[in-house]
Amino acid sequence: MLDIKNLRDNFKDIQISLKKRGYDLNEASFKSLDDYRKELQIEVENLQAERKKLSSEFGKLKASGEETSDLKKVIDKKNSDLEKKDSELQEVLKNLNNLLLDMPNIPHDSVPEGSSEEDNKIISKHGEIISTNTLDHLEITKKIDTELAAKLSGSRFAVLEGDLAKLQRSLITFMLDCAIQNGYKEYYVPFMANEESLTGTGQLPKFEEDLFKTSDKLYLIPTAEVPLTNLFRNEFLNEEDLPIKVTSHTPCFRSEAGSYGKDTRGLIRQHQFEKIELVQITHPDDSMDCLENLLKNACEILDKLELPYQIIELCTGDLGFSSAKTFDIEVWMPSQNKYREISSCSNFTDFQARRSNIKFKSKEGNSFVHTINGSGLAVGRCLIALIENNFDGKDTINIPNCLEQYFGSNKIKIS
């Protein structure tokens, strides 16, 4: 959520910044609503002051035994007027808050300007592309069964069998261990979240159609970013404790609304997938350095797995709703002959902190923290990359050295 004081003081600048990411901020709508809010607040404050004065007079008359019925009628009328005006004010404040909840974050000045993913900037490439394999993961192994999953749940699910299930579990443990070695504290969190949690991280109210909702007014989490960030909701943190680094492995659930017909084959785009999430709660002065640190932590996993990848800086038009700056990590997929996203590392500045009311105490007073997060990594896509890049072209998937201690072998026979 944007700082409404900053919005009032620097409306034109913010309007221009949001325009770069495709959001049209209507000055007339905001100004009329905010002006009416100010008018009502003055009226409510005046009525409260008048009521207080009348109540004091009423108390004096009653204490002296004088007649109070006429003054009581005046006070009752004043109470009625106050109740009406306060009700109007609360409605306007609600509408103003809804308007703010609909606004995306302001892009950081360093973000390249552009309208779509074609304008994203390749920062660097890592690792050597060696594989000449052209088969996709479903053609290489039958131990990933989407047809059986469709029998159980429907489309965009998968059943992993035997060694492939074990390899996924090995990846999860390996990624968590990497995170812990890099100073992240592991949490086990609920896989469902309430409306307040999802509003805090920016999924609600704007992206409700992308979520799975239960009958108990809870939502299946689209990412562990939601519960991990909300661990600190409505909390005052100590400045010396920043940055706070937390991680969790969870399944993630997404309806993939609007993506019908896109990446329907295999594990690329599922309704349920596994992910390790990295979250940092940081001091505002350090948040860009912390973003670089988190990006390095995520890339380190691909380096150890010896998988080729590239780092992309997203342009203004491709930023996520809550993000001020984002780097995507894309891993090489031989069967597609291109890189595909496996992690998105973002600095949300104080956008989520304002929505979630996460502050820190310092000598200068209380301030909102900055929040950083990214995948470390998306397990399903990492599994695909391992299978396709390490297939020997015959009957074996080779296991990277860093995974042998978790998997218990250096290869998987697929015949």
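The values are calculated or read from the model by the stated rules, or taken from the named source; none is laboratory data. Owing to the predicted nature of the structure, the values given are computational and were not obtained by experimental measurement. Using ideal geometry, Cβ is built from the backbone for each residue, glycine included, and neighbour counts are taken over all protein chains shown.
So that you can scan it fast, the table gives a plain yes or no per residue for (1) among the aliphatic types (A, V, I, L, M); (2) within 28 Å of ASP145 (Cα to Cα); (3) modelled with pLDDT of 95 or more:
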residue: PHE253; (1), (2), (3): no, yes, yes
residue: GLU256; (1), (2), (3): no, yes, no
residue: ILE276; (1), (2), (3): yes, yes, yes
residue: GLU292; (1), (2), (3): no, no, yes
residue: TYR309; (1), (2), (3): no, yes, yes
residue: PHE321; (1), (2), (3): no, no, yes
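What number goes with the only condition from (1) surrounded by 15 or more Cβ atoms within 10 Å (Cβ to Cβ); (2) in contact (Cβ under 8 Å) with a residue 60 or more places away in the chain that TYR36 does not pass?
Every condition holds for TYR36 apart from (2).
Residue-wise test of (1) within 30 Å of GLU118 (Cβ to Cβ); (2) surrounded by 12 or more Cβ atoms within 10 Å (Cβ to Cβ).
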position	(1), (2)
ARG8	no, yes
GLY22	yes, yes
ALA28	no, no
SER32	no, no
VAL44	no, yes
LEU47	no, yes
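How many residues are under 13 Å from VAL379 (Cβ atoms) and touching a helix residue (DSSP H, G or I) at 6+ places or on another chain (Cβ under 7 Å) when one looks only at the stretch 147-165?
Number satisfying all stated conditions: 2.
Identify, please: which residue in the stretch 180-233 is acidic (Asp, Glu) and over 15 Å from the mean Cα position of the chain (by Cα) and is, among those, farthest from GLY320 (Cα to Cα)?
The residue in question is ASP216.
Suppose the filter is of a type in the set (A, V, I, L, M) and within 27 Å of SER116 (Cβ to Cβ); does ILE372 pass it?
Yes, satisfied.
Condition check: surrounded by 16 or more Cβ atoms within 10 Å (Cβ to Cβ) and closer than 30 Å to LYS206 by Cβ. Does LEU18 satisfy that?
Spelling it out, LEU18 is indeed surrounded by 16 or more Cβ atoms within 10 Å (Cβ to Cβ) and closer than 30 Å to LYS206 by Cβ.
Just the residues that are more than 27 Å from the chain's Cα centre (by Cα) and either modelled with pLDDT under 95 or not charged (D, E, K, R) (or both), please, taken from the stretch 110-135.
Within the stretch 110-135, GLY127, ILE129, ILE130, SER131, THR132, ASN133, THR134, LEU135 qualify.
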